[in-house]
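What follows draws every value from the coordinates through simple rules; no lab data is involved. Small disclaimer: the values here were computed from a predicted structure and weren't measured. Cβ sites come from the backbone with ideal geometry, for glycine too, and all protein chains shown count toward neighbours.
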Amino acid sequence: MTQTAGAKIIDGRHHARQLREALRIKAAGLLAKFGAPPKLTVILVGDDAPSRLYVSNKSKACRDVGIASVVIELPASTGLEALLAVIEEQNRDPSVHGILVQLPLPAHLPVHAVLERISVEKDVDGFHLYNVGSLALGTAVFPPCTPYGVQKLLEAEGIPIAGQNVVVVGASNIVGKPTAMMLMQKDATVCICHAKTRDLAQFTILADILVVAAGKPNLIVPQMVKTGAVVIDVGINRLPNGKVVGDVDFEGVRQKASYITPVPGGVGPMTVTMLLANTITAAQRMWGISETSTGT
C-alpha cells in the first residue's frame, strides 16, 4: 500500500505475494504428506494472444508456489464433443485437482455447456452452476477468482465491509454478480449497476465501496465518487497507444477516494492468486483434509 497525495493505493502485488507465501507452505506440506503436488490442468482452445499470455502467467504462478500445471492446447476448430471428451478425461484423472477452461472460447463453442461439464470438485475457477448458486447461500467452496480477490484485498487492508454501501458497476456472471453476492454475505448493502442503468452517477456517488468492472476506460470520473470512498477498479482496457488502464479515471479519482486500486497491479495479481488458493483447496478436499478455505 503506497501513500499518495490523495488515496492510499492498494498494492495488489504486495498482498498477492503475502498470500502466495502461505500457499507455498501448504503446497509443500501436501507434497510431503502425499508424495504429489496439487495439480491444475488448463485447457486452451484456439490461438487468442491475450488468452495465451494469461495461461502462461497462470502456469508461472503455479510453479512459483509448488503447484503442478499442465496446459492442453487445442485448435480453434475443435468441436464441442471433442472438447467435452478432453474435460471428461481430466475429470477422471485422480492426479488432477483443478480444471480451468480459458475464456473466451471460439464463437462456435457454447460456454455454459463447456463449463458445466467440469467436475464440481475440480471447478477451481468457480464458474460451475453449483458453485455459482452456492454463492447465494454463502457456502461456495470455490468462489470465482476475481470476486474472491476483491474480497481478500478489502480484508487485507482492514477495510470494513459490514454495513457499508457497496455499488458494483457491471453485472457480468464472472465478476459483477458474484462480487455483489459475496459482499452481501459480508453484510454490505449492495447495489448493482449495468449498461441499462439510468444516471449512473446518482448511484456511484452513494458508494462507500465502489467496485467497477464494466470494461470501459474512464467510465468513472471524480464527480461520480463520494469523498473518502474505497474504489476497486477491476477493468482492464488497452488503449490505442498500447497503455493498459482500468475503468476509473485513476489520477482524478485518487484525489477524492480514501483507497484505490491501480491498473495494472491491483486486482489482477489477486485473481491469479485466488486460483492457486482454490486449486490447493481442491487438492485438500480430494485427499480428505478438512479445510474449507485456503489463502487466508
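Proximity of backbone amide H atoms, modeled 1.01 Å from N, is registered between VAL101 and ILE43 at under 5 Å, excluding neighbours fewer than 5 places apart on the same chain. With the convex hull drawn around the C-alpha atoms of segment 34-120, the volume per residue stands at 85 Å³. When the chain is treated as a Gaussian network with alpha carbon springs shorter than 10 Å, the biggest mean-square fluctuation among ARG20, ARG254, ARG92 belongs to ARG92. For segment 117-122, backbone phi angles converted through the Karplus equation (6.51, -1.76, 1.60; θ = phi - 60°) give residue-by-residue couplings of 7, 5, 4, 4, 5, 10 Hz, Gly and Pro being listed as x.
With r defined as the distance between the Cβ atoms of ALA76 and THR227 and R0 fixed at 41 Å, what FRET efficiency is calculated, to the nearest 0.05? Once the sixth-power term is evaluated, E becomes 0.25.
Relative contact order for the chain: 21 percent, from Cα pairs under 8 Å spaced at least 6 residues apart, divided by residue count. Rounded to whole numbers, the Karplus 3J(HN,Hα) couplings from phi for segment 69-79 are 10, 10, 10, 9, 9, 10, x, 4, 7, 4, x Hz, using 6.51 cos²θ - 1.76 cosθ + 1.60 with θ = phi - 60°, and x at Gly and Pro. Shown for LYS196, LYS39: other C-beta atoms within 10 Å of each C-beta, ranked fewest to most, produce the order LYS196, LYS39. Taking GLY246, GLY35, GLY149 as the candidate residues, the one with maximal mean-square fluctuation in a Gaussian network model of the chain, Cα springs under 10 Å, is GLY35.
Rounded to the nearest 20 debye, the dipole magnitude of segment 144-268 is 280 debye, with +1 charges on Lys and Arg beta carbons, -1 on Asp and Glu beta carbons, and the Cα centre as origin. Karplus-derived 3J(HN,Hα) values for segment 168-181, using 6.51 cos²θ - 1.76 cosθ + 1.60 with θ = phi - 60°, are 9, 9, x, 10, 5, 6, 8, 10, x, 5, x, 4, 4, 5 Hz; glycine and proline are entered as x.
Among LEU100, LEU105, a tally of other beta-carbon atoms within 10 Å of each Cβ gives an order, fewest to most, of LEU105, LEU100. Extending 7 Å from the Cα toward the beta-carbon at both LEU239 and ILE159 defines two label points whose distance is 2.3 nm. Distance between the modelled labels on CYS191 and SER119, one decimal in nanometres: 4.5 nm (7 Å Cα→Cβ projection).
Among ASP47, ASP123, ASP11, a tally of other beta-carbon atoms within 10 Å of each Cβ gives an order, fewest to most, of ASP47, ASP11, ASP123. For LYS8, nonlocal amide neighbours, meaning residues 5 or more places apart or on other chains whose placed amide H falls under 5 Å from its own, are TYR259, ILE260. Computed over the alpha-carbon atoms, segment 1-154 gives an Rg to Rh ratio of 1.00, Rh here being the Kirkwood radius from the mean inverse distance. When the pairs LYS8/LYS60; LYS122/LYS216; LYS26/LYS243; LYS60/LYS196; LYS152/LYS226 are compared against a 27 Å limit on Cα-Cα distance, LYS8/LYS60; LYS122/LYS216; LYS26/LYS243; LYS60/LYS196 fall above it. Database remark: amide H of VAL169 closer than 5 angstrom to the amide H of CYS193, VAL211, VAL212, ALA213 (H placed geometrically; neighbours at sequence offset of 5 or more, or on other chains; Pro and chain starts carry no H).
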